Amino acid sequence: MRNSRALAATGAAVVVTGVLGLAAPTAVAWDTPSNIVALPSVIARGGQMTVTVDGCRDGGTMTSRAFPTTHLTPVRGANETSKGVATINSDARPGSYDITVNCSGRTLTRPAAFTVIGGVRGGVGGSNSSGATPTDIAIGGGLVAAAVAGGGLFWMRRRAERRA
């Protein structure tokens with residue numbers, strides 16, 4: 001009795017697996033976007049980001065509030081994968097952004113797909129501010145005043161030593 005139940009359960013599992021195995025290629029063949037990957041995931045304003053989408057074999061478009069609508073092109077050698085390169089708007093506010101892709105009339109949105117950070121100025125220090133701040137001026141003025149006072153005292157003492 002136990003053997004017949006085990007045999008029936010195994011047979012049912014084989015049938016279910018076979019049915020699901022035959023149905024899976026049909027679902028994939030509909031050109032449904034299934035995975036959105038944005039690299040780099042943290043990017044400065046004005047930077048370029050590459051987005052790949054699985055399940056988008058004929059290409060399509062991608063949109064976000066941080067960049068204009070950009071085309072996705074199929075990747076050769078990678079079945080049903082497309083990619084595109086988007087340039088982040090120079091006026092994009094720092095924060096997380098969604099990406100929505102459209103492939104053959106089907107859409108998929110990935111919330112918080114990437115994060116925009118404030119612009120970074122290259123060169124000496126990489127500072128995001130320009131010019132001296134009031135604090136910088138106060139510190140610099142204090143150092144100059146201390147140097148003048150110290151130099152004056154040193155000169156006065158040296159002068160007094162020569163007289164004696």
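The values are calculated or read from the model by the stated rules, or taken from the named source; none is laboratory data. Fair warning: this is a prediction, and the values are worked out from it, not measured in the lab. Side chains included, ligands, DNA and RNA excluded: accessible areas come from the protein's heavy atoms. Shrake-Rupley method; radii C 1.70, N 1.55, O 1.52, S 1.80 Å.
Taking all protein chains together and a 1.4 Å probe, the residues Arg110, Arg93 rank Arg93, Arg110 from largest to smallest accessible area. Near the amide H of Ser34, within less than 5 Å, lie the amide hydrogens of Asp54, Gly55, all on another chain or at least 5 residues away, with H placed in the peptide plane. Largest first, the residues Ser64, Ser82 sort by 1.4 Å accessible area into Ser64, Ser82.
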